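Trainee: Before anything else, here's the structure in question.
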Amino acid sequence: MKGNTSDEDKVHLHRYKVEKNEQNKREQEGKIEISPQAKDNQNANQIIAKRDERIKQLKKQIDEGTYKVQPMKVAEKMLSYFNKK
């Protein structure tokens, strides 16, 4: 049984560590992480875009005279709002 590792073994071990580090660096370069705040901003932008589209649809319906108020739906929303307070 050897008491000391040979120089050749040390070289192989060093090469292995260097190759492993290079591989890890390449893997990390390919990854992009988005912060939670950026994700929230992205979701907010999508919500705003949907809301803007809905507003455009409603304005078009009002201009064309095809928009009809649904009184039961309005009443339900009002009750829901005031019951929460």
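Trainee: Is there a pair in Lys56/Lys84; Lys50/Lys73; Lys39/Lys73 whose C-alpha atoms are over 27 Å apart, and which pairs would that be?
Mentor: Beyond 27 Å between Cα atoms: Lys56/Lys84; Lys39/Lys73.
Trainee: Based on the alpha carbons, how large is the Rg to Rh ratio for the chain when Rh follows Kirkwood?
Mentor: On the Cα set of the chain, Rg over Rh gives 1.58.
Trainee: To continue, here is another question. Give me the one-decimal nm value for the distance between modelled label points at Arg15 and Lys31, 7 Å along each residue's Cα-to-Cβ direction.
Mentor: 2.8
Trainee: Still on this model: Residue-wise, which Karplus ³J(HN,Hα) couplings in Hz belong to the stretch 45-62, taking 6.51 cos²θ - 1.76 cosθ + 1.60, θ = phi - 60°, and x for glycine or proline?
Mentor: Taking θ as phi minus 60°, the curve returns 4, 5, 5, 4, 5, 5, 5, 4, 5, 5, 5, 4, 4, 5, 4, 5, 4, 5 Hz for the stretch 45-62.
Trainee: Continuing with the same structure: What 222 nm value per residue comes from the helices of the chain, counting each DSSP H run with n ≥ 4 as -39,500 (n - 2.57) and dividing by all residues, nearest 500 deg cm²/dmol?
Mentor: That calculation yields -27000 deg cm²/dmol at 222 nm.
Trainee: In addition: Could you work out how far helix 7-29 tilts from the main Cα principal axis of the chain, as a 0 to 90 degree angle to the nearest 10?
Mentor: The answer is roughly 10 degrees.
Trainee: So if I place +1 on the C-beta of Lys and Arg and -1 on the C-beta of Asp and Glu, and nothing else carries charge, what would the dipole magnitude of the chain be about its Cα centre? I want it in debye, nearest 20.
Mentor: Dipole about the Cα centre, nearest 20: 700 debye.
Here, each number is a calculation from the coordinates, and none is a lab measurement. Just so it is clear, the structure is predicted and the values come from calculations on it, not from any experiment. So basically every Cβ, Gly included, is an ideal-geometry build from the backbone, and we count neighbours across all protein chains shown.
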